[in-house]
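A short write-up of the structure that comes next.
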Amino acid sequence: MIKEIIEKLCNKNDLDEEEINFFFGSMMKGEMTDSQSSAFLIALKIKEPSSEEIFHSAKILLSNLEESVDTDLDIIDLCGTGGDSKSTLNVSTISSLILATLGAKVAKHGNRSVSSRVGSADLIESLNIPLDDSIESAINSIENNNLSFLFAPYFHKSMKNVAHVRQQLETRTIFNILGPLVNPLRPKKQILGVYDKKLIPSVAQALVRQGVTRGMVIHGLDGMDEVSICDNTFISEINNGEIKDYVFNPREYGFELADLANLVVNSVEESKDICIKILKNEIKDSKRDICILNAGAAAYIYGLSDSLRGGFDIVKSNLENGTVFDRLDEIFNF
């Protein structure tokens, strides 16, 4: 069956549920050779994963978790696939911090740096915010502080069976896509950035099948896996099973387009410094604006506002009046 599956992918034909479950499930158990896993991952990358393949692969990763829960908490995750090779500041992480101060319950799922200079976990640690290592601690953090950072390696132990293959391949694979889809708390609301516009339809459909009721799958036309401040952003918005596609233009909402170079960070220390200054409203340039765009979009998806414009206004006003920093400082001693 292994040979037939790889041949099928090489002929650019989609796999069915049984084939995905067999090969991907065996790979995650360490039952495939390195050459078989490599052939599968590269062939799937070249064909381009379908929504069915993404959904069932994510389902396998979630089933391999030592612990997970379909919680009743009204939670949201802001997470990108990474892999856009832009090395920009940690927009989704800073936006998550902002959003938590507005009353949203945020379950941020993330890791250390892979393709960028500073990963979300790197920034969170530098701010002395704990990385949650269990479902119990994550739920406690959300209930007490409106924010949990679920450090992916603590939960996804089966990834050790493919880690060396991924390192040897040195290229993006389906695992880059799956990261944001396998949050152990299984949020029903999500902002998910992708590194390739072609992934948007498949990822949006996979989210709907996972039970996400309100969400956005986004890709900046400059290549960013965020709502961009440097160009328009293509958005697939999920609303109770319906998917609406549109292009977001920041200029239509009063924002000036920026140079991508202004968003690049080179170290954890620089990222932390920029983060604190944004939260204190001491930085008011494009670095703050892109966080307003992403936190504002999340505020809209979460239900804190009935429009994108309203979401942006809520975020901006709470940054300017000091509420954002004061609340975070009270909880985490910034």
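The values are calculated or read from the model by the stated rules, or taken from the named source; none is laboratory data. Keep in mind that this is a model prediction, so the values were computed, not measured. Using ideal geometry, Cβ is built from the backbone for each residue, glycine included, and neighbour counts are taken over all protein chains shown.
Here is how the numbers come out for the structure above:
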item: Where SER113 falls short, out of the listed (1) modelled with pLDDT of 95 or more; (2) closer than 30 Å to LYS280 by Cα; result: (1)
item: Tabulated pairs, the stretch 81-93, first outside the structural domain of ILE274 (by TED's automatic domain parsing), second crowded, with 22+ Cβ neighbours inside 10 Å and at pLDDT 95 or above, C-beta under 7 angstrom, 6+ apart or interchain; result: none
item: Matching residues in the stretch 257-270 - criterion: being surrounded by 18 or more Cβ atoms within 10 Å (Cβ to Cβ) and part of a loop (DSSP other than H, G, I, E, B); result: ALA258, VAL265
item: Matching option when the condition is surrounded by fewer than 24 Cβ atoms within 10 Å (Cβ to Cβ), farther than 26 Å from SER158 by Cβ and of a type in the set (S, T, N, Q), among SER87, SER38; result: SER87
item: Filtered residues of the stretch 43-58 (kept if within 20 Å of the chain's Cα centre (by Cα), farther than 23 Å from PRO187 by Cα and part of a helix (DSSP H, G or I)); result: LYS45
item: Candidate set: the stretch 15-35, residues that are touching a residue at least 24 places away in the same chain (Cβ under 8 Å) and over 13 Å from ILE174 (Cβ atoms); chosen: the one surrounded by the most Cβ atoms within 10 Å (Cβ to Cβ); result: MET32
item: Tally, over the stretch 187-199, of residues that are under 21 Å from ALA295 (Cβ atoms) and assigned to a helix (DSSP H, G or I); result: 0
item: All positions within the stretch 102-159 that are of a type in the set (Asp, Glu) and either buried (at least 18 other Cβ atoms within 10 Å of the Cβ) or touching a strand residue (DSSP E or B) at 6+ places or on another chain (Cβ under 6 Å) (or both); result: ASP122, ASP132
item: Every pair of residues 6+ apart whose Cβ atoms lie under 8 Å, when the first sits in the stretch 137-149 and is in the same structural domain as ALA107 (by TED's automatic domain parsing) while the second is crowded, with 19+ Cβ neighbours inside 10 Å and among the aromatic types (Phe, Trp, Tyr); result: SER141/PHE149
item: Test: residue in the stretch 292-308 that is of a type in the set (Val, Ile, Thr) and over 22 Å from VAL212 (Cβ atoms); result: yes
item: ILE174 being in contact with a Phe, Trp or Tyr (Cβ under 9 Å, 6 or more places away or on another chain), in contact (Cβ under 8 Å) with a residue 60 or more places away in the chain and not assigned by TED's automatic domain parsing to the domain that holds SER286; result: yes
item: Filter result (over 22 Å from PHE255 (Cβ atoms) and of a type in the set (Val, Ile, Thr)) within the stretch 288-334; result: ILE331
item: Number of the exception - ASN64 against (1) in the same structural domain as LEU263 (by TED's automatic domain parsing); (2) surrounded by fewer than 22 Cβ atoms within 10 Å (Cβ to Cβ); result: (1)
item: Residues (over 20 Å from ALA206 (Cβ atoms) and either under 24 Å from the mean Cα position of the chain (by Cα) or not in a loop (DSSP other than H, G, I, E, B) (or both)) located in the stretch 29-42; result: ASP34, SER35, GLN36, SER37, SER38, ALA39, ILE42
item: Matching helices (runs of 4 or more DSSP H) fully within the stretch 100-186 where at least 1 residues are farther than 28 Å from VAL315 by Cβ and over 16 Å from the mean Cα position of the chain (by Cα); result: 135-145, 152-155, 163-169
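To keep it simple, each residue is scored yes or no on (1) in a loop (DSSP other than H, G, I, E, B); (2) assigned by TED's automatic domain parsing to the domain that holds GLY103; (3) more than 23 Å from ASP196 (Cβ to Cβ); (4) of a type in the set (S, T, N, Q).
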residue	(1), (2), (3), (4)
ILE235	no, yes, no, no
LYS272	no, yes, yes, no
LYS277	no, yes, yes, no
GLU282	yes, yes, yes, no
ILE290	no, yes, no, no
